[in-house]
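The values are calculated or read from the model by the stated rules, or taken from the named source; none is laboratory data. Predicted model only: the values in this text are computed from it and were never measured. A quick note on method: Cβ atoms are made from the backbone with ideal geometry, for glycine too, and the neighbour counts reach across all protein chains shown.
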Amino acid sequence: APHCPGAYPALQLHDRQRQIIENAGHLHIGGPERFQDHHVITEAATLARRVGAGVSVDLLPGNPLEWAPQIQALLPFVDVFCPNDDQICLLYGVDDAAAAAQSSHQDGAGVDVASAGPEGAIVVDDRGTRSTI
């Protein structure tokens, strides 16, 4: 689970990383908006999917708007997408987190779980949209 923003610019998918993904059963990508080469994370997610590993993604604090195209391009390879309600609204340029999560699901994410503070979370999957606490 890469989660070290300072290392992201130098990240490349080497053979050892491929072996880890193939054997791990799950790949978590924390903060894809911090990667300079978005092809690396797409390649890693594609590899994970090819070997049957799950893929989850969350966003780092801040504004993901400038990275929206790269994040949205990654969604077809993501099993679980976990932004917060503000992030997903910014990502889709709307004020309604449930609508944004539905858009994310339509863009390919298997399950969207948008945390919504004291209101719980908004979950969107093939069964529809629901809120949980």
*Might you let me know whether the range 28-50 holds any residue that is in a strand (DSSP E or B), over 16 Å from P83 (Cα atoms) and at pLDDT 85 or above?*
no
*Quick one: which residue in D58, D79 is at pLDDT 85 or above, out of contact with any Phe, Trp or Tyr (no Cβ under 9 Å at 6 or more places or on another chain) and of a type outside the set (F, W, Y)?*
D79
